[in-house]
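First comes the structure, then the notes that go with it.
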Amino acid sequence: MAKESIKKAVFLKSSSKITQCPAENKPEVAFIGRSNVGKSSLINMLCERKSLAKTSSRPGKTQLINHFEINEHWYLVDLPGYGWAKVSKEKKAAWGEMIEAYLLERNNLVSLFILIDSRLEPQAIDVDFINWAGQQGIPLALVFTKTDKQSKNKSDSKVAKMRKTLKTTWEELPPIFTTSAVTGSGKEALMDYLIEITSL
Ligand code: GTP
Ligand code: MG
């Protein structure tokens, strides 16, 4: 059993820019990753709520910075996905600016969770983003999603490949979690870590 869990989760607001976000008076963690990787689903799994965060099989569902208040003590943020193909150049640039400003300027951000599809070989778009965030000094963790879709061996091998790829640029790898929003696998380890970093 996890030491603690999410007892209360409240949707606060959606913001299109950092100035609209809630006051920086509570520790905050954010979920990012390719569109459709399962960010919103993972938030629902952790909060044990079916549709707290809006999910969709169509990529690009989450387009704003969405704040949830957890246990009246910390914020969980659902960010839009990157790598959404069916979007104009203008929209991509605007999205990039919104996310970059959020990631670089949000003072209460204690950790950025970068979600990765456990079925895929390391993707340049993920590796580049991980390296960029690392270079900016943003504290981060990796979460491999959708492990229910294949055997544990296959997920493990994708994680190992990502480790190997990152080792070429990283001295010490960030914490790595493996999860399934469908079976709840990996929930306890991730939950314990979230509770720990938001109560420091
Ligand atoms: P955007 O908001 O568009 O960036 O996507 P997202 O990363 O928030 O993904 P979302 O949670 O909306 O999930 C995308 C699709 O993947 C949905 O059809 C989910 O049901 C499915 N999905 C998400 N997580 C899992 C998982 O762990 N296992 C399985 N089998 N499907 C999942
Ligand atoms: Mg989403």
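Taking every full run of DSSP H in the chain, none both stretches at least 27 Å from end to end by Cα along its long axis and averages 1.6 or higher on the Kyte-Doolittle scale. For the stretch 68-200, the fraction of C-alpha pairs more than 26 angstrom apart is 27%. Gain on full extension, evaluated as 0.36 nm per residue between LYS164 and VAL127 minus their Cα-Cα distance, stands at 12.2 nm. Normalised per residue, the accessible area of the chain is 52 Å², obtained with a 1.4 Å probe and no contribution from ligands, DNA or RNA.
How many percent of the accessible area of the stretch 32-99 is carbon or sulfur, using a 1.4 Å probe? Whole-percent figure for carbon plus sulfur exposure: 49.
The values are calculated or read from the model by the stated rules, or taken from the named source; none is laboratory data. Every value quoted in this text rests on a predicted model; they were computed, and no experiment measured them. Note: accessible area is taken over every heavy atom of the protein model, side chains too, but ligands, DNA and RNA are not part of it. Shrake-Rupley method; radii C 1.70, N 1.55, O 1.52, S 1.80 Å.
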